[in-house]
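Asker: Dropping the structure in here first, questions after.
The values are calculated or read from the model by the stated rules, or taken from the named source; none is laboratory data. Note that the coordinates shown come from a computational prediction; the quantities given were computed from them, not determined experimentally. Backbone-built Cβ (ideal geometry, glycine too); neighbour counts: all protein chains shown.
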Amino acid sequence: MSAAPSASVPRDPGLPFAIGERPVLVSHALCPYVQRAVIVLAEKGVDWQRVDIDLSNKPAWFTALSPTGQTPMLLLREGDAVLPLFESAVICDYLDETRAPALHPAAPLARARHRAWGEFASAMLNGIWQLYTAREEAGFLAARDTLRQRCERLESELARRAGGPWFGGAAFSVVDAAFGPVWRYFEVIDPIADTTLCERLPQLQQWRAALAQRPSVRQAVAPDYPGRLREFFARQGGWLGQRVAAAALG
Ligand SMILES: N[C@@H](CCC(=O)N[C@@H](CS)C(=O)NCC(=O)O)C(=O)O
């Protein structure tokens, strides 16, 4: 009698690419959650393969494999089966547990607190979504104010550290990878509509500057990312996107 296939393992997902020893990260060019995984992979020097998909026209193999239909999805081979892993925080934790060097703090409480702040980064990404989808300036400013309050909370947390430059102090950690994509948005947004999010928050400014210089963070997106993000904002048709479109015309 042959062994029963694992319930979650599609044996022939009809993938248009091969999966060998290298894990495959199913990605989208602008996805901030993808960037988290890309940064962690780079920090660990993992040999991996990127497959970009169009989220507005999801390929059938992706929909068949992904329970959420969201990027990132990490595809790993186990025997002749392909195992999909989804949710960026889980992907980063898995990579951290299986590939050296460990990025999360070793102490359980410190590690749990870092994970909690990683969730805070996700809440900030939701706030950024509200920023660029706001129809009117008032909505944009309201989203900006909520983000500013979150930045002030972050500043207090950063002030607790003994030294920097990273979230936890001297060592770059997974939570830094979670925030790199947050700050990257403002490299594009602020020249269009200055949010002054980090004004008078010196710890945050230093941390943000350090992240912007980190090779893994810098290289987590392609060189055409700023232009593509501006086009994406313009397509949203909100207040921010209208300013992008007006600048392109003027
Ligand atoms: N909680 C998820 C969020 C991922 C997410 O929102 N991905 C977006 C792109 S950035 C997506 O796939 N959207 C397409 C959809 O939801 O249909 C994670 O952390 O991985």
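Asker: Among the residues of the stretch 14-26 satisfying the criterion of being of a type outside the set (V, I, T) and surrounded by 21 or more Cβ atoms within 10 Å (Cβ to Cβ), which is nearest to the ligand (Cβ to nearest atom)? Outline the logic, then answer.
Answerer: Filtering the stretch 14-26 down to residues of a type outside the set (V, I, T) leaves 14-18, 20-23, 25.
Filter again for surrounded by 21 or more Cβ atoms within 10 Å (Cβ to Cβ), leaving 23, 25.
Numbers: P23: 16, L25: 11 Å.
Only one residue fits best here, namely L25.
Asker: Continuing with the same structure: Would it be correct to say that A29 is surrounded by 14 or more Cβ atoms within 10 Å (Cβ to Cβ), at pLDDT 55 or above and either within 11 Å of the ligand (Cβ to nearest atom) or part of a loop (DSSP other than H, G, I, E, B) (or both)?
Answerer: Numbers: surrounded by 14 or more Cβ atoms within 10 Å (Cβ to Cβ): yes; at pLDDT 55 or above: yes; either within 11 Å of the ligand (Cβ to nearest atom) or part of a loop (DSSP other than H, G, I, E, B) (or both): yes.
Yes: the conditions hold for A29.
Asker: Check L103, L75, L109, L65 and return the single one that is at pLDDT 95 or above and within 15 Å of the ligand (Cβ to nearest atom). Steps first, please.
Answerer: Numbers: L103 fails: within 15 Å of the ligand (Cβ to nearest atom); L109 fails: within 15 Å of the ligand (Cβ to nearest atom); L65 fails: at pLDDT 95 or above.
One residue alone meets the criteria, L75.
Asker: Can Q203 be described as under 18 Å from W117 (Cβ atoms) and free of Cβ contacts under 8 Å to residues at least 60 places away in the same chain? So that I can check it myself, show each step before the final result.
Answerer: Working: under 18 Å from W117 (Cβ atoms): yes; free of Cβ contacts under 8 Å to residues at least 60 places away in the same chain: yes.
So Q203 fits the description; yes.
Asker: Which members of the stretch 153-173 meet the condition of being in a helix (DSSP H, G or I) and among the hydroxyl-bearing types (S, T, Y)? Steps first, answer last, please.
Answerer: Residues of the stretch 153-173 in a helix (DSSP H, G or I): 153-159.
The one that is in a helix (DSSP H, G or I) and among the hydroxyl-bearing types (S, T, Y): S156.
Asker: Being within 11 Å of the ligand (Cβ to nearest atom), on the phi > 0 side of the Ramachandran plot and either touching a Cys at 6+ places or on another chain (Cβ under 9 Å) or not hydrophobic (A, V, I, L, M, F, W, C) (or both) is true for just one of E87, E119. Which residue is that? Even if it seems obvious, please write down each step before you answer.
Answerer: Values: E119 fails: on the phi > 0 side of the Ramachandran plot.
It is E87.
Asker: If you go through the stretch 35-58, how many residues are within 13 Å of the ligand (Cβ to nearest atom) and in a loop (DSSP other than H, G, I, E, B)?
Answerer: 6
Asker: Also: May I ask you to verify whether Q130 is in a loop (DSSP other than H, G, I, E, B), under 24 Å from G180 (Cβ atoms) and among the polar types (S, T, N, Q)?
Answerer: On the way: in a loop (DSSP other than H, G, I, E, B): no; under 24 Å from G180 (Cβ atoms): yes; among the polar types (S, T, N, Q): yes.
Answer is no for this residue.
Residue-wise test of (1) more than 24 Å from V90 (Cα to Cα); (2) within 16 Å of the ligand (Cβ to nearest atom); (3) of a type in the set (D, E, K, R); (4) part of a helix (DSSP H, G or I).
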| site | (1), (2), (3), (4) |
| --- | --- |
| L125 | no, yes, no, yes |
| G139 | yes, no, no, yes |
| V175 | no, yes, no, yes |
| A193 | yes, no, no, no |
| A210 | yes, no, no, yes |
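Asker: Restricting to the stretch 142-164, name every residue that is in contact with a helix residue (DSSP H, G or I) (Cβ under 6 Å, 6 or more places away or on another chain) and exposed (fewer than 14 other Cβ atoms within 10 Å of the Cβ).
Answerer: Result: A159, single match.
Asker: Return the residues of the stretch 238-250 that are in contact (Cβ under 8 Å) with a residue 24 or more places away in the chain and either surrounded by 15 or more Cβ atoms within 10 Å (Cβ to Cβ) or within 13 Å of F140 (Cα to Cα) (or both); say none if nothing qualifies.
Answerer: Residues satisfying the conditions are G238, W239, L240, G241, R243, V244.
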